[in-house]
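Enquirer: Okay, here's the structure, questions in a sec.
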Amino acid sequence: MFDTEPTPFAVREPLPGIDLADAARPGLGVVLWFRTPDAHQLHDQLVAAGIKILTPMANSPFGPMFSFEGPEGYTLTAHGG
């Protein structure tokens, strides 16, 4: 993990079962997380806008979190609250 500001940046090994040759999934092997003041409110706004939720709201060490599909097809994870 790199202590970059305002957004921390980390590099890790791909999770088991990830095939980086799968070009059908943009950003495969990349995990993008960002902090929001209210993850529940953001979740509700995205659902109302018809954005595809990929991982339901759950508790994490970083507060409430969920993942959704960004405009280019990347998986984005929001946390905080």
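Enquirer: Once both labels are modelled 7 Å past Cα along the beta-carbon direction, what's the residue 62-residue 74 spacing in nm?
Expert: 1.4
Enquirer: So what's segment 32-79 giving for Rg/Rh, alpha carbon basis, Kirkwood Rh from the mean inverse pair distance?
Expert: With Rg and the Kirkwood Rh in hand, the quotient comes to 0.92.
Enquirer: Modelled label-to-label distance, residue 48 and residue 34, 7 Å Cα→beta-carbon offset: nm?
Expert: Simple spin-label model gives 1.9 nm for this pair.
Enquirer: Next question. Pull out the extension gain between residue 41 and residue 13, defined as 0.36 nm times the separation in residues minus the alpha carbon to alpha carbon distance; nm, one decimal.
Expert: Once the chain is fully extended between residue 41 and residue 13, it gains 6.9 nm.
Enquirer: Roughly what would the spin-label model give for residue 21 and residue 3, points 7 Å off Cα along C-beta, in nm?
Expert: 4.1
Laboratory data are not the source of any read-out in this text; all were calculated from the coordinates shown. Everything numeric here is computed off the predicted structure, so don't read it as measured data. Quick reminder, even Gly has a Cβ in these numbers, built from the backbone with ideal geometry, and neighbours come from all protein chains shown.
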